[in-house]
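K.L.:
This structure is in structure tokens; I'll ask about it shortly.
The values are calculated or read from the model by the stated rules, or taken from the named source; none is laboratory data. A quick note: this is a predicted structure, and the numbers were derived from the prediction, not measured. Virtual Cβ from ideal backbone geometry, glycine too; neighbours counted across all protein chains shown. All accessible areas refer to the heavy atoms of the entire protein, side chains included, with ligands and DNA or RNA removed. Shrake-Rupley method; radii C 1.70, N 1.55, O 1.52, S 1.80 Å.
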Amino acid sequence: MEKIIGREKEIRAIWDVLERQSVVITSLRRMGKTSILKKMTQSPREGWKPILHFVEGARDPQEFVDGLYRQLLERGVSEDRFRRAREYYEKFIGGKDFGQFKMPSFRSHWKMILEKIMEDAVQAQSERILIMIDEFPMMLWNFITTYELADQATELLDTLRKIREMYEDSGKLRFIFCGSIGMNIVLEKLQKKHNYAGEPMNNMIKYPVLEMNPEDALELCRYLFGTDYVFDNKEDVFNHLIQQTNRLPFFIDRLKIQTMISGLETITIQDIDKMIHDLISAPLNNSEFSHLESRIKTYYEEDIRQLSLDILSVLSRHEDYVSEDGVINELKSYSEVDENNAKSALRSLYNDLYLFRKEENGMRTFMFRYPLVRRWWQINLGQPVSRPGRKQHRSQSDK
């Protein structure tokens with residue numbers, strides 16, 4: 001069984017929410033979302049049967065349904081319990097080969113089969129079923145952009161909402177949607193480009209997975225570093241390490257790899273500072289952060305894509321909060337800015353957990369959520385783009 005450190009408070013909170021409603025887990029990449037789902041699968045709350053369905057590679061709803069059915073079988077729902085689904089299949093699709101969900105004749109029936117499979121699974125189990133769909137937003141994004149199946153993406157969202165409503169009161173079935181891009185990005189794409197007006201998740205609760213709490217971060221340090229190294233003061237080094245990594249589990253683990261590569265036997269606070277500097281600055285480590293840039297370039301709508309990158313470049317030069325007007329005015333020193341688009345970009349960056357936001361004297365103010373990310377952005381991407389044909393920024397030396 002995979003050793004997964006910490007996150008007990010988050011897992012307990014998610015189980016508590018599931019008593020009432022289904023959940024959408026929101027987060028940036030590399031926050032440990034999948035580890036949380038795996039831990040919930042390994043050690044479920046009493047009375048629950050979790051089914052983890054990893055769907056990024058599914059190319060259409062047929063493959064989604066097929067994969068879910070296989071996962072239900074693997075988790076102990078016997079094949080002969082799918083009576084309603086089998087009866088529908090034999091009546092409307094034909095043949096006795098129930099479970100052949102990828103063949104062309106299944107294409108027009110996947111919604112009803114999905115409903116029947118869920119109904120059969122619920123009836124077959126004394127436990128409450130939890131369907132955890134990992135990389136669900138990415139799958140939908142691929143439906144929309146790669147396979148040109150926007151209509152089927154909306155049909156799947158609406159069908160899953162219908163299924164949740166069937167069991168909302170009884171609580172016998174719940175869902176978790178989870179992924180490395182936000183569901184808000186997918187829904188915005190469907191609304192703007194495909195006129196989707198549905199509200200497929202307004203009966204679900206959003207739960208953000210953020211940095212580890214201090215106790216879990218220290219536990220992870222003790223697990224990774226505790227017996228292999230010499231320390232002048234172990235707890236001081238560990239406290240400095242979790243502060244410098246902003247308690248982000250991926251980067252705590254990344255420093256462990258750095259110590260192995262460097263052949264360190266003793267670890268000091270100065271060693272931690274050097275490894276953090278190398279993590280931010282060394283060219284071979286650029287990929288550890290660059291997904292934060294490529295995520296915006298890939299998934300944000302064109303009208304706010306470059307603005308969002310420029311906003312992060314502006315904010316990377318400030319350690320404290322900057323007012324919305326201050327951000328926009330600084331952007332204007334580089335090029336013309338549509339203020340409504342800038343405000344929309346700030347809102348998206350806040351919703352996607354790049355930024356903190358608070359209100360001061362009636363004004364929205366923003367700063368990077370994670371100082372480590374801010375430092376990387378400042379060093380590697382720190383100046384907004386001055387677009388040709390527009391007002392160019394002048395440095396102090398030019399004035």
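K.L.:
When you go through (1) in contact with a strand residue (DSSP E or B) (Cβ under 8 Å, 6 or more places away or on another chain); (2) modelled with pLDDT under 90 one by one for residue 80, which number turns out not to apply?
P.N.:
Looking at each condition in turn, residue 80 falls short on (1).
K.L.:
Considering only residues of segment 342-364 that are open to solvent by 40 Å² or more (accessible area, probe 1.4 Å), modelled with pLDDT of 95 or more and in a helix (DSSP H, G or I), which is nearest to residue 386 (Cα to Cα)?
P.N.:
Going through the qualifying residues, I end up with 343.
K.L.:
So, one more: State all residues of segment 92-109 that are open to solvent by less than 90 Å² (accessible area, probe 1.4 Å) and under 30 Å from the mean Cα position of the chain (by Cα); if no residue qualifies, say none.
P.N.:
Within segment 92-109, just 101 meets the criteria.
K.L.:
Just checking, how many residues over segment 133-151 are free of Cβ contacts under 8 Å to residues at least 60 places away in the same chain and not in a loop (DSSP other than H, G, I, E, B)?
P.N.:
So the answer is 6.
K.L.:
How many residues does segment 164-173 hold that are more than 13 Å from residue 201 (Cβ to Cβ), open to solvent by less than 20 Å² (accessible area, probe 1.4 Å) and modelled with pLDDT of 95 or more?
P.N.:
1
K.L.:
Let me ask something else. Among the helices (runs of 4 or more DSSP H) confined wholly to segment 1-91, which include 3 or more residues that are open to solvent by 40 Å² or more (accessible area, probe 1.4 Å) and within 20 Å of residue 111 (Cα to Cα)?
P.N.:
Passing ranges, in order: 61-74, 83-88.
K.L.:
Name the single residue that is farthest from the chain's Cα centre (by Cα) among those in segment 110-154 being surrounded by 18 or more Cβ atoms within 10 Å (Cβ to Cβ) and of a type in the set (S, T, N, Q).
P.N.:
This residue is 125.
K.L.:
Going by the conditions given, is residue 267 touching a strand residue (DSSP E or B) at 6+ places or on another chain (Cβ under 9 Å), among the β-branched types (Val, Ile, Thr) and more than 30 Å from residue 352 (Cα to Cα)?
P.N.:
So residue 267 passes the test.
K.L.:
Out of 253, 232, I need the residue that is open to solvent by 20 Å² or more (accessible area, probe 1.4 Å), without any contact (Cβ under 8 Å) to a residue 40 or more places away in the chain, more than 23 Å from the chain's Cα centre (by Cα) and on the phi < 0 side of the Ramachandran plot. Which one?
P.N.:
Result of the check over 253, 232: 232.
K.L.:
So, one more: From the list 130, 114, which residue is assigned to a helix (DSSP H, G or I), closer than 16 Å to residue 53 by Cα and out of contact with any Cys (no Cβ under 7 Å at 6 or more places or on another chain)?
P.N.:
114
Residues checked against (1) farther than 30 Å from residue 257 by Cα; (2) free of Cβ contacts under 8 Å to residues at least 40 places away in the same chain; (3) touching a His at 6+ places or on another chain (Cβ under 7 Å); (4) open to solvent by less than 30 Å² (accessible area, probe 1.4 Å):
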| position | (1), (2), (3), (4) |
| --- | --- |
| 183 | yes, no, no, yes |
| 190 | yes, no, no, yes |
| 199 | yes, yes, no, no |
| 202 | yes, yes, no, no |
| 213 | no, no, no, yes |
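K.L.:
Follow-up. From the residues in segment 280-336 that are at pLDDT below 90 and over 22 Å from the mean Cα position of the chain (by Cα), which one is nearest to residue 381 (Cα to Cα)?
P.N.:
Among them, the one singled out is 281.
K.L.:
Out of segment 178-229, which residues are within 22 Å of the chain's Cα centre (by Cα), of a type in the set (Asp, Glu) and outside any loop (DSSP other than H, G, I, E, B)?
P.N.:
Scanning segment 178-229 gives 188, 216.
K.L.:
Can we say residue 54 is among the hydrophobic types (A, V, I, L, M, F, W, C) and within 29 Å of the chain's Cα centre (by Cα)?
P.N.:
yes
K.L.:
Name every residue in segment 230-261 that is in a helix (DSSP H, G or I) and hydrophobic (A, V, I, L, M, F, W, C), in order of residue number.
P.N.:
Once the filter is applied, which keeps residues that are in a helix (DSSP H, G or I) and hydrophobic (A, V, I, L, M, F, W, C), segment 230-261 yields 237, 238, 241, 242, 250, 251, 252, 255, 257, 260, 261.
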